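To keep things clear, I will list the structure first and then write my remarks on it.
The values are calculated or read from the model by the stated rules, or taken from the named source; none is laboratory data. All values derive from a computational prediction rather than experimental measurement. Note that we place each Cβ from the backbone using ideal geometry, even for glycine, and neighbour counts take in every protein chain shown. Ligands, DNA and RNA are excluded from the accessible area calculation, which covers all protein heavy atoms including side chains. Shrake-Rupley method; radii C 1.70, N 1.55, O 1.52, S 1.80 Å.
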Amino acid sequence: MRYDFEKIEEKWQKAWKDKDTFKARSEGDKKKFYCLEMFPYPSGRIHMGHVRNYSIGDVIVRFKQMKGFNVLHPMGWDALGLPAENAAIKNKSHPEDWTKSNISYMKEQLKRMGFGYDWEREVATCDPDYYKWNQYIFIKMYERGLVYKKRSEVNWCPSCKTVLANEQVVDGGCWRCDSEVDLKKLEQWFLKITDYADELLASHGDLEKWPGKVLSMQKNWIGKSKGAEVTFRVDGMDREIEIFTTRLDTIFGSTFFAMSVKHPLVKELIADNPEKDKIEKFIKEVEQDSRNNREQAEKRGIFTGKYAVNPFNGEKIPIWLANFVLIEYGSGAIMSVPAHDDRDFEFAKKYNIPIRRVIVKDPKEELPEEVEEVFHDPGYLINSGDYSGLTTEVAVKEMGEVLKEKELGKLTTQFRLRDWGISRQRYWGTPIPMVYCDKCGVVPEKFENLPVKLPREIDFTPGGGSPLEKSDSFKKATCPKCGGEGARETDTMDTFFDSSWYFFRYSGISDSKPFDSEESKAWMPVDLYIGGVEHAILHLIYSRFFTKVFRDLKWTNISEPFPHLLTQGMVTLGGSAMSKSKGNIVDPDELIKKYGADTVRIFILFAAPPEKGLEWSDKGVEGANRFLQRIWNLFHSNIEIIRGDFSLDKEEKSTKDTYIKLNQTIKKVTEDIELSFHLNTAIAAMMEFFNKLSGSIDLIKKENPGLLVYSIEIFLKLLSPFAPHFANELWSEMGKTEILENEGWPIPDEDYLVEKSVNIMIQINGKIRDKISASVDETEENLKKAALDSEKIKQYIEGKEIVKVIFIKNRMLSFVIK
RNA sequence: GCCGGGGUGGCGGAAUAGGCAGACGCACGGGACUUAAAAUCCCGGGAGGGCGACCUCGUGGGGGUUCGAUUCCCCCCCCCGGCACCA
């Protein structure tokens, strides 16, 4: 008979709800465990990635709960953002309605999967009670000088009609719709994440439980490089240009100077150049090029007619405009050292600029005059005046001191990381709580006026500016400072703002603060954070930034929100991530309907270890179902014994191997969940045990029925985090009254973990030639005797000399012969 | 180019303080049950050779260390992810 998963799953979901099984409690002196999976965007329905992510989390949570932890396992919705607006425009509805109906549908789906959450802590970022605190945090950051407004060139997505953060531009395209990104000059609000760049990188040392991959991605993103700022005077002009270099030691080799066409001084430099028109044409071309051409273009440049003066040797070097110098990095100008930099070398070759070698590996080495190859490594300085002969390292130090002394620059550090532009010209986001007053300037909204609510009735079709611009009632505001008439900021926040602190909110929901610091202190940090590797940079770096700001605001005493990160691999179909736009979605609903939640959970967890990518295939889902069904069948065909009153006989010879296997399985499953999260091998171990049990069922029934009862008990406990409804059903059929979630996690019987006899392999010259069954801990002496008695071994050893014997207890005996 | 992760049967994947490669599952083949099928149960399987006991080869390729290497060292190839005229 097939088990009726529908009935069973509904029954136990109701039981968990009625018993508040997953309500976070702070009881006794139990340790806390805060397990969090990245909250979903309510796009409509959950997808396989969610199923995988939340199944992993749920196993850990149920395991920890049985292990005796106070567990916090909340869930919520990352509910603001563009898709809601786009969908609403398409269906002529409202983003709020679309979002809320999606939330309620998806919530049912999560419940249907049997995931154990504390729904009392649910948050939805579109709720004014939530985004109120976005606004509050924004103002607090403003007060700390971490928020500023700047007119700047920003990434503009012409299709989404909004600004994108640097992090949201992928290969020159919009991260969401892949349209080519334009540059646009706009007044934008920025968060000074760069103030924390150094710390964000330095505290990587505290994140030893993060995947190396994520750390390296963040490291790349922050892009710290040590070097020096040096000021070059422009010859014949009262102007100076600052450069950044990581190779101050090569400064005597600088034979030209290069700057970005967008450098603010360019206009002035070429003002009196007779070939000004030609240069301006060049500038236009380069600007055009950098927009259209995502690939690395051929190096091009043009001489400005001016010279820069090298502060170290007074040498005048030509100032060029070059397409390979980026305005976004450093100061947008560089000293070029062709002998020691590939780009400079290529450029110098093309434009016949002298190439001067200033660093060598060995000062005694005779080198040709002509520099044929760029030398990158550190070494000894030559052709460098008083510095010649010094090592790279010493030269940088000494030159740095000279710079400082003469006020010509300093040793410094550059970051690739830019400040985070958070202004968005769209409707469905948190209004930025600022008021413009003619008298007082820009003023943050008063606390008592928060939240600044999104008006519901509004034309939110995107245009050039923010849709909120069109609402007079929204725009109209009273200046919080002087009480005069003011105008509200109409841009909304990047939704990454919302998700940068939601985990704090869960840890201490409060009406009067973003989160209750006291309660939060008891729960934070998140002990295990599980989510897709696609959030490795954006979300995770922003969340770390917010946490450090909260610490500095004394709202928390932790510096890192997620000491332990588990990044699950993406679920792909046809090689790419499932997404609506690509139309390669697999809807879990169908599988759940056909097989039930327990089967789906086992199946997705068994398919691969969590951190690996998973190319979707439903081959094998039958196998997961079959596994449960086999347990069901064995259970029910032996129900009398299982319900009976039998005691376990550990020492019964005929079944001792099963008892040992059971204990080994407890150990393996526990370690797989706790240490490596390799839930696939945990399931495999359970299957292995079940195969063993069902293979010797007749013997066990006859000789040791107590072992069957005991095995089933333990087995159901081990299975319960994976297939919780199923396990609970059988558990209750055994006559147990407590639910499994409130039972303790089994502990292996240490005296029964090792088999009493083992196979010893006998090797000759490294090749296995025989196997001998022996009791555990058999001595080398005895095994050697037995091996030498073996016919198989004899034929190899006959007439040869035994040079050496290697023995590893309980494993092998190896003869080296000649 | 730099950084990170990989490469194991037909497939998903096991196993590395060096010691029986391929656990577990899928798919496949054979058998039992059945009038038949489905379901279920049992058996089989890396490749090649041999009737067989067995033998040889085999964890991307090449070299090395070792009695013994999927595991350690050196060189190379390929795949995936990230960053990238970053000065």
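Here are some notes:
- With Cα atoms defining each centre, the stretch A:103-175 and the stretch A:493-512 are spaced 10 Å apart in the structure.
- For the stretch A:375-443, the list of GluC sites (Glu not before Pro) that fall in a loop by DSSP and count at most 10 other C-beta atoms within 10 angstrom reads A:GLU407.
- The base-10 log of I(q)/I(0) for chain A, evaluated at q = 0.07 Å⁻¹, reads -0.74 [Debye formula, identical scatterers on Cα atoms, solvent excluded].
- Considering only A:SER423, A:PRO318, A:VAL402, the residue lying farthest towards the positive end of the dipole of the stretch A:318-475 is A:SER423, judged by Cα position with unit charges set on Cβ.
- Ligands, DNA and RNA are left out, and with a 1.4 angstrom probe the accessible area of the stretch A:625-736 is 37 Å² per residue.
- For A:GLY76, distant residues with modelled amide H under 5 Å away: A:VAL123
- Heavy-atom accessible surface of A:LEU326, to the nearest 10 Å², is about 100 Å², with a 1.4 Å probe and all protein chains retained.
- About the Cα centre, charge dipole magnitude for the stretch A:728-789 (Lys/Arg +1, Asp/Glu -1 at Cβ), debye: 700
- In the complete set of protein chains, residue-level accessible area for A:THR556 is approximately 10 Å², probe 1.4 angstrom.
- From helices alone, chain A scores -11000 deg cm²/dmol at 222 nm; the rule is -39500 (n - 2.57) for each run of n ≥ 4 DSSP H residues, then divide by the residue total.
- Accessible-area value, A:PHE550, 1.4 Å probe, nucleic acids and ligands omitted, Å²: 0
- Trypsin sites (Lys or Arg not before Pro) lying in DSSP loop within the stretch A:128-158, provided at most 15 other Cβ fall within 10 Å: A:ARG144
- Protein heavy-atom accessible surface, 1.4 Å probe, per residue over the stretch A:746-818: 67 Å².
- Only protein atoms count toward the accessible area here, which uses a 1.4 Å probe; on chain A, the carbon and sulfur part of that area reaches 48 percent.
- Once C-alpha pairs closer than 8 Å and six or more residues apart are averaged by separation and normalised to the residue number of the stretch A:738-780, the relative contact order reads 30 percent.
- With contacts taken as Cα pairs under 8 Å and at least 6 residues apart, chain A reaches a relative contact order of 14 percent.
- Of A:LEU207, A:LEU215, the order by accessible heavy-atom surface (1.4 Å probe, DNA, RNA and ligands excluded), from most exposed downward, is A:LEU215, A:LEU207.
- Positive minus negative residues near A:GLY332 (Lys, Arg vs Asp, Glu; Cβ under 13 Å): -3
- Percent breakdown of C-alpha pair distances by 10 Å bin, ordered from the shortest bin, for the stretch A:218-276: 16, 42, 29, 11, 2
- For the set A:LYS213, A:LYS656, the ranking by accessible area, highest first and with no ligand, DNA or RNA atoms included, is A:LYS213, A:LYS656 under a 1.4 Å probe.
- Among A:ILE243, A:LEU200, A:ASN273 - extreme Cα towards positive end, dipole of the stretch A:173-307, charges at beta-carbon: A:LEU200
- Heavy-atom accessible area ranking, 1.4 Å probe, most first, across A:GLU27, A:GLU6: A:GLU6, A:GLU27
- Overall form of the stretch A:82-207 per C-alpha gyration tensor (a/c, 1.5; a/b vs b/c): oblate
- Dipole of chain A, positive direction: furthest Cα of A:PHE726, A:TRP523, A:TYR142, with charges on the beta-carbon: A:PHE726
- A Cβ-based charge dipole, computed about the Cα centre of chain A with Lys and Arg at +1 and Asp and Glu at -1, lands at about 920 debye.
- The residues of the stretch A:185-248 expose on average 49 square angstrom of accessible surface per residue, using a 1.4 Å probe on protein heavy atoms.
- Virtual spin-label span in nm between A:LYS771 and A:ARG456, 7 Å along Cα→Cβ: 7.3
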